[in-house]
Structure formats: structure tokens, C-alpha cells
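Reviewing the structure listed below.
The values are calculated or read from the model by the stated rules, or taken from the named source; none is laboratory data. Note that the structure is predicted; figures quoted are calculated from it, not measured. Cβ placement follows ideal geometry from the backbone for every residue including glycine, while neighbour counts extend to all protein chains displayed. Keep in mind that these areas ignore ligands, DNA and RNA; they rest on the heavy atoms of the full protein, side chains included. Shrake-Rupley method; radii C 1.70, N 1.55, O 1.52, S 1.80 Å.
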Amino acid sequence: MNISSRYSPNEIEEKWYQKWEDVGLFKSQPDDREAFTVLIPPPNVTGILHMGHMLNNTIQDVLIRKARHDGKNACWIPGTDHASIATEAKVVRKLRERGIKKSDIGRDEFLTHAWDWTDNYGGIILNQLKKLGASLNWERTAFTMDDVRYKAVIKAFIDLYNSGKLYRGLRMVNWDPEALTVLSNEEVLYKEENSKLYYINYQISGSDNYVTIATTRPETLLGDTAIAVHPDDERFEHLHNVKLIVPLINREVPVIFDEYVEKDFGTGALKVTPAHDPNDYELGKKHDLEVIDIFNDNATLSDKAGLYIGLDRFDARKAIVKALEENGQMLKMEDIQHNVGRSERTNAIVEPKLSLQWYVDMKSLAKPALEAVENGEIRFHPEKYVNTYKHWMTNIRDWCISRQLWWGQRIPAYYYEDKIYVADNQEAAYIQALKDFPQLDINDLKQDEDVLDTWFSSWLWPISVFNGFESREELDYYYPTSVLVTGWDIIFLWVARMIMAGYEWEGKKPFSDVYFTGMVRDKQRRKMSKSLGNSPDPLNLIEEYGADGVRFGMLSCSPAGGDLLFDTKLVENGRNFCNKIWNATRLIKGWEIDNNLTIPKENNLAREWINQRLNQIILNLNSNYKQFRISDCLMNLYSFIWNDVFSWYIEIIKPSYEQPIDAQSHKHAIELFETICILLHPFMPFITEEVYNILKEDRSPEDVCAKAIYPQAEEIIDKNLITDFELLQSIVSNVRDLRNKNQIKPKDKVDLIFESNNEIDSAMNRIGFSELIRKMAFANQITSTTDSSEIDGLVFISGKTKFFAIFDLEIDVEEELKKSKEELKYQTGFVTSVQKKLGNERFVNNAPEDVVSKEKKKLEDGLARIEALKVRIAQLEK
């Protein structure tokens, strides 16, 4: 077979992705196999691929490809989220560029523009995932606003309303003045920001005296309707039955006494603005205060403010501060840091606002969802997020689900006078209304103008993707799904809510395992962002390094739940690994085979050893997969392939220059490479598929690596063989090290003499062992001795055994003595540290047995080395 001298990922990736689709590799329909189902966390429909998507979807693809190897019916469902706030903002911006206002064209025409936008730009991200090698079942692509998902959302709303778990209420909400919609608590991000604390004097009515209050929001004083102090605060005893005058607007307001006020915070006197602070609102209800809403929806001052009408809230703040200073009512200002809430979508500072909205009673849904995680029915990886989840679930607040937008599922609530009728269409609501108003005209029944929170569609995802609200056929087979891979930052927004929805509608968990990815950061630990310019374009990375190189780079340092510190060196390593695999494949396929040759002893030993190491690796992979240690799987496999297979096995069986190889060794090498391809395929699918195809010519179109059965490991491992081979590797490495240090040519022959002991004697009795040392260390004679006192040569220690390397060269006794003493000092320190560890009863009693055994072995080997070094030093000092 003519194999290209260079690995060209771009053409290979496109070729194989198309072939996988042609053979229906990604498709899934219910059958008699075990289902393994993964649902993609739906990205925004108008989004494009970023590094977080790359990491998340690579992990999902690893799991789904591994499931195919295991013979399961693997179903990975793609989809996108309609992203109400983000998409509507983009459409509004596009219309504005054309001189069109949303309010001028009406709901129906706006939705036409929104659907056009979605059709033109939506789904780009899904096509980009193909470049990554994502093996999604494209025929099942879902969209949270498509007909099936739309109906599911409406049905869920009606179900919750009819069961008393959903209600409409007047409450303080988080208002986004840029998106002009309410936000749930989980959509508000808080962080410490620089600000000022303003000390303002409020005059006592009928007096020249005043009370000083401290506030971070002087602009809201226009809505003040009381001043609050603690009833036990002696400083304010004189304020009973008096009123204070609000600066600038000269409104008289009462002083209220309430234990809510903290005496030690600020001045101890608190301005109360019930319309613009959640705590103030509760105080207002308790003390029957007037509520004055001074802001318009866009956070400009309303007519009720009385002053600075139409001015933006922050411009109004500057104007009010200036006026207070001019009037002598501003006592002082202090620089402070405090928590500021910003909209997750627009980054606008959120405004507390009193509003009539729809809410889900979350406490009525939380109990089974909390128990499922507490009792391990649903497993989190890493487990540390269980506590995060429990804290949120036990302190859960009702979910505000209405949004003041047009793009989304319109709330199926209809109003007439003070009555509410919830139904999936106007005709059904009208039938309900006729019972209360027999003469009602259907056109007088008005539907709610708002839409539902995007997350209200996303929380139904594990059910709605299988049309579970209408049909049981697929839901009964695929649900619950197998594993969810998502970012920890949406554990409340999405994960917890999906679990609650699962138990509410299906009475069981939506998935068995949740794998939380960390954040992708740069090597300076900064979050990747466009503004910092530290986020590479994923498609450019794929173009330069190949999809497998990028996948390797992403996975090589991304433990579950831990942040990935991205560096292009990681994907360079991935590309280099691809090249190494390619060149090794070219090497073994280029060997001439002689069917008349018998397998050499050293090749046979290498075959036995690499099979045992392969066995070990498969068992290790099985364990790591079970624990969702995906990065560990890849790196253990990488180390095995690079170090054991390429650096040792291939070098051992490689025939001499222009000489043929025996058929048995070559056959085993091909079989080993095929197995490696299958093991590595979930992580690096393209190069493994290409190599798998090269290894065996004339494969059928159906015979692809992606469908190959995963190798099974034998439970019993020949640990003695592995230990002996580690000794052999140490001997060869020490000889090579001596050559380098003494500038001896690699192929100059060396005689080796070793001091006889059980360890080396047992290994030397193994067929092929001495032959392998001769080949790999370019050794001539290998002999043993019981008395090394008269031997003059370069000394090294492998395992417990002292070796003498006899080269034809002068030995620098002083230099050799210096090195031996340095080594003795190091070994003595090493042994002391191990003895200290083994002398710790807590370690010996609590550490796993194999860990303690390894430490005891280290001590035994270390003591043997010290003894050999002492003997060597004595010889050199004669």
C-alpha cells in the first residue's frame, strides 16, 4: 500500500466524516440493545462555536463513541435553544439598522423577522461541530421553538397551573432595563465592583436638625417613603412621631422602627424605597408604606420621580449628587466595594422592580430531585458539586418564568376582567370563560403578551426531544438518558430544573450521571473572552492542527469539574502525536515479510510483555471510564502508546536495516495497532479510522474502526513479567546513559557483569531476556558474579542489582567516586523519607494496601542500592 509520507488531517477528516454518515453510524432507533443516550446541551441557535463548546462536545463524543464500541445503541441528540433574550436583541438590532422599531411593526411581523433570522443564521454551530468529529444523530435535531417542543412547553405550563404549582403574583423582580424583561434569580450574576457610599442629610420636619443616612443609590431617594431605624437604637429615640423631609423633592415621610435595621450598618438609619429594593418592599408591606415607582422600563426616570424626568438612572445620580452638594445636604462620600447584580445576557445592572409575573412553586417540586442526588440515584462527577446542589435546593426560591418579549412560547393564559383562563388555545379558554360570562365575545378574551423563560423549554429537554408529552414509544426506550455533560455554572439554571421536571412528569430521574466540565481559561487563568483577545477561533485551530490534535489538546488537561488552562502547545502535542502514529504505521506497513523466518526469542518476549501491558491499560481504562476520568483515560493511553509501544515494542521487533521481519511478529504488530486504534478512537477518531483502514486492506465499507468491538481484558495479569521487563528497561536505559555521559558510541559493544541475586537470576532465566538486553543495549557478553571486588568497570544499579559495564576506555576514578558519593547521599535521603512514611501508623493503617506495598518495595530497593553503592565506593577508594 502506498502511504503518504505526511499525515494530512483536513482531507482525511472530511472523507471519514462523510463515510460515517453514509454507513448510518450516527443513527439510532429503538431495538433490543441497551440504549446509551446523551443529549447535547442546546447552544443558542444563533451562536457560533467557542472553546467551551469544543471541550463539552469532545467529552460527549468520547462517551458516545465508547458506547458504540461496547455494542450499545448509542444515541446522541443535537439541538439548539431559541435563546429568547439574545435572539430578540439581535433581531431588534438588525431592524433598527434598517430604521424599523419593534413597536411599530407588531408582534406577528416581528416574529416573521425572528424566524427569518433563525433560518438564516441558526444551526451554524451544529454544522461547525461536524468539523470537530461530533458523531451526532443529525436526523433527530431538535429546536426548543419547533412544533413538538412548543407544544410540550404549553402542556407543561397547563399541567403545573392545574395542579396548583404555578401562579401569577405581584412581587419584586430582577429587571433588565436593556433587554426590557424580567430575569430569574439565576440569570443575575453578582460580583464585587467599585462604588461609592453617599451620606445624605434628611431634615427633621419643623426643626433645623437632621438625620444622616448612607446609601449607594442616591437617585432612588425620589421614591423614598420612609426612614427606618432599629427600635433599640438610643440615638434615634427622639424620632418617635416625627417626620423627615426627603431632600430635593421635600416630601415628608415617617420614621418607622423595625428590628430588620442593623444598628451597626452605615449610620443606623435606612432610607426605604419600597418600589426599588426587595427588602424595602417587605418593610413597605409591613408598615403600609406608599410605593412610588420612579423608573420607566428602560431605567430612565418616570413622571412619578417628579424631577429629572426622562434622564437615565446613572445620569440622574450624577445630577442628584451635584444638587445635594450645592444644597449642603451631602455630608460626605466614601469609596467602597460592594456586590452588584448584572444581567447574564446583556451585562446591564439589574434593577429591582415591582411587577405582576408568573411563577413556578419550586418547593413543591424540589423534594424528589434533592433526594435523588443525596442518595446517589443521580451521580455527580466530581462529587463536590453535590453540596452546591443541596445548598441551592434547600434554599430554593420560586422561579419567575414570564418574560416581556415576543420571541418564545407565548404564555397560554387568557384574561377577562379579573379572571384567568389557562388553555392551549383561545377556543379552549373561551369555553372555560363562558361558564363565568355566558355572553362573552371570544374577541374580548385577551392572551397574555409575555413569553416563557427560555429555560422553561430547556428543563423539559430530556422528555421533549423524544416527543414524550405526546408519545411513549421512544421515551420508554431512551429515557432516562445515560449521562449529561455540562458546565457547572448552569447547575441551577438547567441541571436542577431538569431533575425536577423528570420527577414531576415521569416520576424518575432524567439521567444517571452528570459530568461537570470546568471553564476554559488561558494559561494566565483568565476566562476566555473576545474583549481580552485570548480566545482562539476553534475552526482555525482545527484547520491548523487537525481535529484530533485539538481534541487531544482539550482533553489532555481537563479533569472533571476543573478548569482547563488552554495553551496552543497542548494542541501541538496532539498534532505531534498524530504524526507519530502515522509514521509508526508507515514503518510497520513498510517492512518486508519473510514467511520462512521463525520469531526471534526477544520478539516473542516483547509480544508477551506488550500484551500484558495492554491488558493493564484496558483494565485501567475501564476503571477510569467508570469514574468519568476522561482526561486520565487519554493520558494513560497516550503514555502507553508513546512509551511502551513506540519507544520499546517497535524498537525491539524492528528488523535490521534492509532486513525482513518474520510473519508472526508482523502479524502481532498489525493486531496490536488495530487494538490501539479502537482504544484511541473515542478520543482521536479521524487518524484512528484512517490507520485502521490502512492496516488491513480491502475492508468492507461497514468494517470501520468506529463500529469495532471494544477489546476485553483478562483479569489476571502476569505481574512478574511486567516487573522483569521494567528491570530490563532500567538496565538498557542505564547503559545508554553511561554511553551518553562517557561519549561512547551507541553501537560500541559493552560487556555486562552483574552481582547474582534472586531478582536478576529469575529474570535472566526468562527466554529472550538476555537476548533483548544484547539487542537493545548493544551488549556482548552478559555474565554473573558472586564476588565483584576485583571487577573494574562503570557501575550502575537496576532494581536491587549492581551491574558493571565494561567498555574499552579509561575510567576517571575521581569523577566516578564523586558521582557514587552523590548518588549515595541521594539514596540515603530517599530511604529516610520512605522509612518516615512507613513509620507513620496513620498512613500504614489507612492507605490502600497496594500503596503501602509499593512504599515497602521502594524501601527494599533503596536499601539494596545503598549497600551496592557502599561496596562500589570502597572499591574505588582502594
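Structure notes:
- Cβ-Cβ contacts under 7 Å between residues 6 or more apart (or on different chains), taken from a first residue in segment 100-114 that is free of Cβ contacts under 8 Å to residues at least 24 places away in the same chain to a second residue that is among the β-branched types (Val, Ile, Thr) and surrounded by 12 or more Cβ atoms within 10 Å (Cβ to Cβ), are listed as 113/91.
- Selection from segment 123-147 of residues that are among the hydrophobic types (A, V, I, L, M, F, W, C) and buried (at least 17 other Cβ atoms within 10 Å of the Cβ): 125, 126, 129, 132, 134, 136, 138, 142, 143, 145
- Among the residues of this structure, residue 353 counts as one that is touching a Phe, Trp or Tyr at 6+ places or on another chain (Cβ under 8 Å) and either within 13 Å of residue 178 (Cβ to Cβ) or not in a loop (DSSP other than H, G, I, E, B) (or both).
- Restricting segment 343-357 to residues that are at pLDDT below 90 and touching a helix residue (DSSP H, G or I) at 6+ places or on another chain (Cβ under 6 Å), the residue that is nearest to residue 281 (Cα to Cα): 344
- Pairs, first under 15 Å from residue 725 (Cβ atoms) and aliphatic (A, V, I, L, M) in segment 646-657, second assigned to a loop (DSSP other than H, G, I, E, B) and open to solvent by less than 10 Å² (accessible area, probe 1.4 Å), C-beta under 7 Å, six or more apart: none
- Total residues in segment 656-687, condition part of a helix (DSSP H, G or I) and polar (S, T, N, Q): 3
- Yes/no for residue 119 being of a type in the set (D, E, K, R), free of Cβ contacts under 8 Å to residues at least 12 places away in the same chain and either part of a helix (DSSP H, G or I) or surrounded by 14 or more Cβ atoms within 10 Å (Cβ to Cβ) (or both): yes
- Listed by position, the helices (runs of 4 or more DSSP H) enclosed by segment 375-485 that each have at least 1 residues that are open to solvent by less than 30 Å² (accessible area, probe 1.4 Å) and among the polar types (S, T, N, Q) are 454-458, 461-464.
- Residue in segment 157-172 that is in contact (Cβ under 8 Å) with a residue 40 or more places away in the chain, out of contact with any helix residue (DSSP H, G or I) (no Cβ under 7 Å at 6 or more places or on another chain) and polar (S, T, N, Q) present: yes
- Condition check for residue 618: open to solvent by less than 30 Å² (accessible area, probe 1.4 Å), in contact with a helix residue (DSSP H, G or I) (Cβ under 8 Å, 6 or more places away or on another chain) and more than 17 Å from residue 648 (Cα to Cα): yes
- Residue, nearest to residue 722 (Cα to Cα), within segment 744-784, restricted to residues that are in contact with a strand residue (DSSP E or B) (Cβ under 7 Å, 6 or more places away or on another chain) and hydroxyl-bearing (Ser, Thr, Tyr): 770
- Test: residue in segment 834-853 that is of a type in the set (D, E, K, R), touching a residue at least 12 places away in the same chain (Cβ under 8 Å) and either touching a strand residue (DSSP E or B) at 6+ places or on another chain (Cβ under 7 Å) or open to solvent by less than 60 Å² (accessible area, probe 1.4 Å) (or both): no
- Residues being more than 14 Å from residue 70 (Cα to Cα), under 35 Å from the mean Cα position of the chain (by Cα) and open to solvent by less than 30 Å² (accessible area, probe 1.4 Å) - total across segment 701-726: 1
- Among the residues making up segment 336-388, those that are among the acidic types (Asp, Glu) and over 23 Å from the mean Cα position of the chain (by Cα) are 351, 361, 371.
- Total residues in segment 274-296, condition touching a residue at least 40 places away in the same chain (Cβ under 8 Å) and either touching a Gly at 6+ places or on another chain (Cβ under 9 Å) or basic (Lys, Arg) (or both): 9
- Selection of first residues in segment 435-460 that are free of Cβ contacts under 8 Å to residues at least 60 places away in the same chain and of second residues that are assigned to a helix (DSSP H, G or I) and open to solvent by less than 10 Å² (accessible area, probe 1.4 Å), restricted to Cβ pairs under 7 Å at least 6 apart or on distinct chains, gives the following pairs, ordered by first then second residue: 440/433; 445/429; 445/433; 459/494; 459/497; 459/498; 459/501.
- Of the criteria (1) crowded, with 19+ Cβ neighbours inside 10 Å; (2) over 25 Å from the mean Cα position of the chain (by Cα); (3) on the phi > 0 side of the Ramachandran plot, which one residue 83 fails: (2)
- Restricting attention to segment 180-203, the residues that are open to solvent by less than 20 Å² (accessible area, probe 1.4 Å) and under 21 Å from residue 353 (Cα atoms) add up to 6.
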